[in-house]
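Novice: Pasting a structure below so you can have a look.
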Amino acid sequence: MKGTHLGEFEEIVLLTVGILYEDAYGLAITDEIENRTGRSITISSVHKALNRLEAKGFLTSQMGGATEERGGRQKRLFTLTTYGKNALNEARELRNSMYSAIPKMLWQQG
């Protein structure tokens, strides 16, 4: 497996795969990220991140069933691996630890 470092966008993509659970495919992931963050992103940037995350071992993918609405094409569905879940937990723990280290006085300033 390649490096374990998660960039911000990679973390958002991993979180979104978790949110969508069994329906995590490129367009659905793109739409969910845009709806939750208000950021405009391209599907190609999502696909690039998905490929990187799969290469790092954070995700696996499989082809889903073909549908008429997609012209008979299959969806590539993504699933978090145990390694991906651990990476998300570690990222959350690091962020929480760092937030809790900020002096309360800073938050109370206007």
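The values are calculated or read from the model by the stated rules, or taken from the named source; none is laboratory data. Everything numeric here is computed off the predicted structure, so don't read it as measured data. In this analysis, Cβ positions are derived from the backbone assuming ideal geometry, glycine residues included, and neighbour counts consider all displayed protein chains. Areas reflect the complete protein model, heavy atoms only, side chains present, ligands, DNA and RNA absent. Shrake-Rupley method; radii C 1.70, N 1.55, O 1.52, S 1.80 Å.
Novice: For the chain, build the charge dipole from Cβ charges (+1 Lys, Arg; -1 Asp, Glu) around the Cα centre, then report which of Asn89, Ala24, Ile102 sits farthest towards its positive end.
Specialist: Ile102
Novice: Follow-up. Can you tell me the accessible area per residue over the stretch 10-56, all protein chains present, probe 1.4 angstrom, in square angstrom?
Specialist: Details: 2440 Å² over 47 residues.
Each residue of the stretch 10-56 exposes 52 Å² on average to a 1.4 Å probe.
Novice: OK, next. Which of the trypsin sites (Lys or Arg not before Pro) found in the stretch 1-59 are loop residues per DSSP with 11 or fewer other Cβ atoms within 10 Å of their Cβ?
Specialist: Details: sites: Lys2, Arg36, Arg39, Lys48, Arg52, Lys56; in loops: Lys2, Arg39, Lys56.
Answer by residue number: Lys2, Arg39.
Novice: What are the ³J(HN,Hα) values, in whole Hz, obtained from phi via the Karplus relation 6.51 cos²θ - 1.76 cosθ + 1.60 with θ = phi - 60°, for each residue of the stretch 41-57 in sequence order, with x given for Gly and Pro?
Specialist: 10, 9, 5, 5, 5, 5, 4, 4, 5, 4, 5, 4, 5, 5, 5, 7, x
Novice: If you work out Cα Rg over 2.2 N^0.38 Å from the coordinates, which of [x] 1.21; [y] 1.26; [z] 0.98 do you get?
Specialist: For Cα Rg over 2.2 N^0.38 Å, the calculated option is [y].
Novice: Percent relative contact order of the chain, based on C-alpha pairs within less than 8 angstrom and at least six residues apart? Walk me through the numbers on the way to the answer.
Specialist: Numbers: 114 pairs, mean separation 30.8, N = 110.
Contact order relative to length: 28 percent.
Novice: Taking amide H positions as placed 1.01 Å from N in the peptide plane, with prolines and chain starts having none, which residues 5 or more places from Leu59, or on another chain, fall under 5 Å of its amide H?
Specialist: Those qualifying (amide H under 5 Å, at least 5 residues apart or on another chain) are Glu54, Thr81.
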